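Below is one structure, written out as structure tokens, with a few remarks after it.
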Amino acid sequence: MVNQENTSLEIGNCKTALAIIPIGATEQHARHLPVMTDAFIADKVCAEAAKQIKAYWLPVQPFGTSLENMDGPGTVTLRPLTLRSVVYDLVDSLYRQGYQKIFVINFHGGNFILKPTIRELNYDRKEGTVFYLDPWAKLTAGPSFDLHAGFAETALMRYLWKDNLKCKHLRAVKPVHQRSDLDWIGMVGATKGAGYWGDPSRATPAEGKRIFEQLAADTVAGIQRILKLHARKPTKKSRKP
């Protein structure tokens, strides 16, 4: 694995065609978690994955599309098309450097633009292939209401960042809204000012360790599954004149 801490010579001598771009966000996470939460978790999980698959691991992209959290102090956002342009430029740079398999790994639910961006990149360019993974989505799928700054994120930050987060005074918040309502009311409004959606009071460092290991394992497994399938991809035959 090589990353931003390596020299250009060291990166050039690392013979890998794989690169990882972690994507996070900088946004309000209620009063118990820092605004860097999504980016911090993305960075830690992708670092672990990069070690296992021997990839070039880029610095986390700390800004995502956080329009739904703009009512919370400290939130900064990119518009969807701006994030698309950023990803296009990052991928183009990696193509020019000779990387052929690039994984864009998302850790913020509001970055909806990423998936169509990756599809468009693959249809527009022929130099390599870009893949999209969203290991975080598995934690918020199904009937769970642990959507934002709740149990999972709080447990992870207690394990990875600080154990002394002030969470005991918090209660479970389960809004009457659906996730799709965030398009018009936002997270702060949907949670009546709480700014979180879930139950952070139950979070422990031990649970954070378990969730981190699962996220890292799911990320590695997702990459390996794609690489295996991609190796079987048939080459296109040129048309005969």
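The values are calculated or read from the model by the stated rules, or taken from the named source; none is laboratory data. Every value quoted in this text rests on a predicted model; they were computed, and no experiment measured them. Glycine gets a Cβ as well: all are built from the backbone with ideal geometry, and neighbour counts include every protein chain shown.
Here are a few things to note about the model shown:
- Residue ranges of helices (runs of 4 or more DSSP H) in segment 99-205 with at least 1 members surrounded by fewer than 19 Cβ atoms within 10 Å (Cβ to Cβ) and hydroxyl-bearing (Ser, Thr, Tyr): 114-124
- Flag if ALA172 is out of contact with any Cys (no Cβ under 7 Å at 6 or more places or on another chain) and closer than 26 Å to HIS230 by Cβ: no
- Residue that is under 14 Å from the mean Cα position of the chain (by Cα), under 25 Å from LEU229 (Cβ atoms) and of a type outside the set (Val, Ile, Thr), where the choices are LEU121, LEU133: LEU133
- Considering segment 28-52, and only residues there that are of a type in the set (D, E, K, R) and free of Cβ contacts under 8 Å to residues at least 60 places away in the same chain, the residue that is nearest to GLY110 (Cα to Cα) turns out to be ASP43.
- Test result for PRO22, modelled with pLDDT of 95 or more, outside any helix (DSSP H, G or I) and touching a Cys at 6+ places or on another chain (Cβ under 6 Å): yes
- Looking only at segment 193-241, and only at residues there that are at pLDDT 95 or above and basic (Lys, Arg), the one that is farthest from GLY150 (Cα to Cα): ARG225
- Contacts under 6 angstrom Cβ, first residue in segment 179-205 being closer than 22 Å to ASN111 by Cα and touching a residue at least 60 places away in the same chain (Cβ under 8 Å), partner assigned to a helix (DSSP H, G or I) and hydrophobic (A, V, I, L, M, F, W, C), 6 or more apart: GLY195/VAL188
- Test: residue in segment 152-164 that is touching a residue at least 40 places away in the same chain (Cβ under 8 Å) and acidic (Asp, Glu): yes
- Top-ranked residue of segment 40-65 - restricted to ones that are over 22 Å from TRP161 (Cα atoms) and in contact with a strand residue (DSSP E or B) (Cβ under 8 Å, 6 or more places away or on another chain), ranked as surrounded by the most Cβ atoms within 10 Å (Cβ to Cβ): ALA55
- Identity of the residue in segment 206-221, among the acidic types (Asp, Glu) and surrounded by 15 or more Cβ atoms within 10 Å (Cβ to Cβ), that ends up farthest from LEU156 (Cα to Cα): ASP218
- ASP38 being acidic (Asp, Glu) and either within 25 Å of ARG171 (Cα to Cα) or touching a Phe, Trp or Tyr at 6+ places or on another chain (Cβ under 8 Å) (or both): yes
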